[in-house]
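The values are calculated or read from the model by the stated rules, or taken from the named source; none is laboratory data. Everything numeric in this text was worked out from a predicted model, so none of it was measured. As a convention, Cβ positions derive from the backbone with ideal geometry for all residues, glycine included, and neighbour counts pool all protein chains shown.
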Amino acid sequence: MTMKFGTKAIHSGQEADPTTGAIMTPIYQTSTYKQASPGDFKGYEYSRTGNPTRSALEKNLAALENGKHGLCFGSGLAAIDSIIKLLSPGDEVISTNDLYGGTYRIFTKIFENYGIKFHFTGMASTEKIELLINKNTKMIWAETPTNPMLNIIDIESLGKISKAYKLIFVVDNTFATPFLQRPLDLGADIVMHSLTKYMGGHSDVVMGAAICKNDCLAERLYFIQNSCGAVPGPMDSFLVLRGIKTLHLRMQRHCENGKLIANFLKDHPKVGDVYWPGFESHQNHEVAKKQMDDFGGMVSFNLVGNQLKHAITVVSNTHYFTLAESLGGVESLCGHPASMTHAAIPKLEREKTGVVDSLIRLSVGIEDVEDLILDLDNALNKL
């Protein structure tokens, strides 16, 4: 039976417990499982390899992304780590240059030490990407929308390039979630998530995931997942499953509030540039309209004069927008990328992509938007 998104979020991968009839997937808090004889077990032998609560979540994620295989990891970075382990020394990756600072850090400070080379480039236009492909190129890595500049990358165009050169194409879909965007349908080979963010949605769990359709890729990722062991526990898996049940409802409100906040900031005299893909003036607004169902609840902006001290004043004087790392929870958060999420990126490199000293990133929550606008207005008026 074909299900719409909200129905998938609530039902995919989940069945009533066969022992008790419990509607909610039980938390199988166990490390090991009884065997009738060596090798004779009921699908599970050790919880690093597999756990019923985690399996329910992995099936749910695969369904939401229109994939076939879902794999969960202890964090988003653990998922990235496992995906890059598909490569070998001497392989090369083409990555967007406007990406999460933790991704940049693991690429340059960890995997470059093992002989993997990364080319960072703007991907607003896909034309120059082919110029970077050589015989050693094995993967293209994209975030869209990007963190924190909210740039949009044409997934379908990159998918065609990847197929033509037989490259693995990975999309970090954390900002959009499958409610707004489904990269596997547009040509991606692997979709990666920090489930910590919108998917979990309540700022109470750290987890990552990878989803794909290809059986061979999945087999290799399952081997890495089991061999390296960066897996989440059953309690965290339960929390993300619970969060996903309201994903469609939460994302609708995030999008509604995000639009109103972006337009408020656009008209504020203390605000410089506002970055939100829903603006018709956004460089790739038409691409966003084509591949996304709405424009999300992430908004970034800089301040008139571009003074670091002004950014600090604003983020230190909000009330409902809590100054904190992370994003995607029901509560609104604000962050200062230059000193927080993107501190690992050298100043000159981050400024090339727009991450200037006064840039502020908002994760717009699902509170009453009138309160959020008043909160931002009060903070901006401290300048």
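Applying the selection to the stretch 1-13, what residues are assigned to a loop (DSSP other than H, G, I, E, B) and within 23 Å of the chain's Cα centre (by Cα)?
Filtering the stretch 1-13 for residues assigned to a loop (DSSP other than H, G, I, E, B) gives 1-4, 12-13.
Answer for the stretch 1-13, where residues must be assigned to a loop (DSSP other than H, G, I, E, B) and within 23 Å of the chain's Cα centre (by Cα): Lys4, Ser12, Gly13.
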Q | the stretch 106-144, residues that are more than 23 Å from the chain's Cα centre (by Cα) and of a type in the set (S, T, N, Q) | A | Asn113, Asn134, Asn136, Thr137
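Name every residue in the stretch 316-352 that is among the hydroxyl-bearing types (Ser, Thr, Tyr) and surrounded by fewer than 21 Cβ atoms within 10 Å (Cβ to Cβ), in order of residue number.
Keep residues of the stretch 316-352 that are among the hydroxyl-bearing types (Ser, Thr, Tyr), which gives 316, 318, 320, 322, 326, 332, 339, 341.
Of everything in the stretch 316-352, those that are among the hydroxyl-bearing types (Ser, Thr, Tyr) and surrounded by fewer than 21 Cβ atoms within 10 Å (Cβ to Cβ) turn out to be Ser316, Tyr320, Thr322, Ser326, Ser339, Thr341.
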Q.
Among the residues in the stretch 177-190, are any among the basic types (Lys, Arg) and in contact with a helix residue (DSSP H, G or I) (Cβ under 9 Å, 6 or more places away or on another chain)?
A. yes
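Among what's in the stretch 20-79 and is among the charged types (D, E, K, R) and within 19 Å of Gly243 (Cβ to Cβ), pick the residue that is nearest to the chain's Cα centre (by Cα). If you could, list the steps in order and put the result at the bottom.
Kept after step one, since they are among the charged types (D, E, K, R), are these residues of the stretch 20-79: 34, 40, 42, 45, 48, 54, 58-59, 65, 68.
Right, trim to within 19 Å of Gly243 (Cβ to Cβ) and you get 54, 58-59, 65.
Values: Arg54: 19, Glu58: 16, Lys59: 18, Glu65: 13 Å.
Top of the filtered list is Glu65.
For every residue, the table says whether it meets (1) in contact with a Phe, Trp or Tyr (Cβ under 6 Å, 6 or more places away or on another chain); (2) assigned by TED's automatic domain parsing to the domain that holds Gly329; (3) of a type in the set (S, T, N, Q).
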site: Lys347; (1), (2), (3): no, yes, no
site: Ser358; (1), (2), (3): no, yes, yes
site: Val364; (1), (2), (3): no, yes, no
site: Ile373; (1), (2), (3): yes, yes, no
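Any residue that is touching a Gly at 6+ places or on another chain (Cβ under 9 Å) and at pLDDT 95 or above - is there at least one of those in the stretch 96-111? Reasoning before the result, please.
The first filter runs over the stretch 96-111 and keeps only residues touching a Gly at 6+ places or on another chain (Cβ under 9 Å), leaving 96-98, 100, 102-103.
Then keep just the ones that are at pLDDT 95 or above; that gives 96, 103.
The answer is yes, given that some residue of the stretch 96-111 is touching a Gly at 6+ places or on another chain (Cβ under 9 Å) and at pLDDT 95 or above.
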**Q.** Given (1) touching a helix residue (DSSP H, G or I) at 6+ places or on another chain (Cβ under 9 Å); (2) assigned to a loop (DSSP other than H, G, I, E, B), index of the condition Gln35 fails
**A.** (1)
Q. Among the residues of the stretch 4-23 satisfying the criterion of being free of Cβ contacts under 8 Å to residues at least 24 places away in the same chain and surrounded by 12 or more Cβ atoms within 10 Å (Cβ to Cβ), which is farthest from Gly67 (Cα to Cα)?
A. Asp17
Q) Within the stretch 359-383, how many residues turn out to be more than 17 Å from Arg250 (Cα to Cα) and within 24 Å of the chain's Cα centre (by Cα)? A) 3
Q: Could you list all residues from the stretch 159-177 that are under 22 Å from the mean Cα position of the chain (by Cα) and of a type in the set (A, V, I, L, M)?
A: Leu167, Ile168, Val170, Val171, Ala176
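What is the residue count in the stretch 300-322 for residues that are within 11 Å of Arg361 (Cβ to Cβ) and among the hydrophobic types (A, V, I, L, M, F, W, C)?
Number of matching residues: 4.
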**Q.** Leading residue by the ranking (surrounded by the fewest Cβ atoms within 10 Å (Cβ to Cβ)) among those in the stretch 206-265 that are out of contact with any helix residue (DSSP H, G or I) (no Cβ under 6 Å at 6 or more places or on another chain) and among the aromatic types (Phe, Trp, Tyr)
**A.** Phe223
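Any chance the stretch 244-259 includes a residue that's more than 21 Å from the chain's Cα centre (by Cα), assigned to a helix (DSSP H, G or I) and either closer than 24 Å to Glu370 by Cβ or not acidic (Asp, Glu) (or both)? Write out each step before concluding.
Filtering the stretch 244-259 down to residues more than 21 Å from the chain's Cα centre (by Cα) leaves none.
The answer is no; no qualifying residue exists.
Rundown of residues vs (1) in contact with a strand residue (DSSP E or B) (Cβ under 6 Å, 6 or more places away or on another chain); (2) buried (at least 19 other Cβ atoms within 10 Å of the Cβ); (3) in the same structural domain as Leu217 (by TED's automatic domain parsing), yes/no style:
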| residue | (1), (2), (3) |
| --- | --- |
| Arg105 | no, no, yes |
| Ile116 | no, yes, yes |
| Leu132 | yes, no, yes |
| Pro148 | yes, yes, yes |
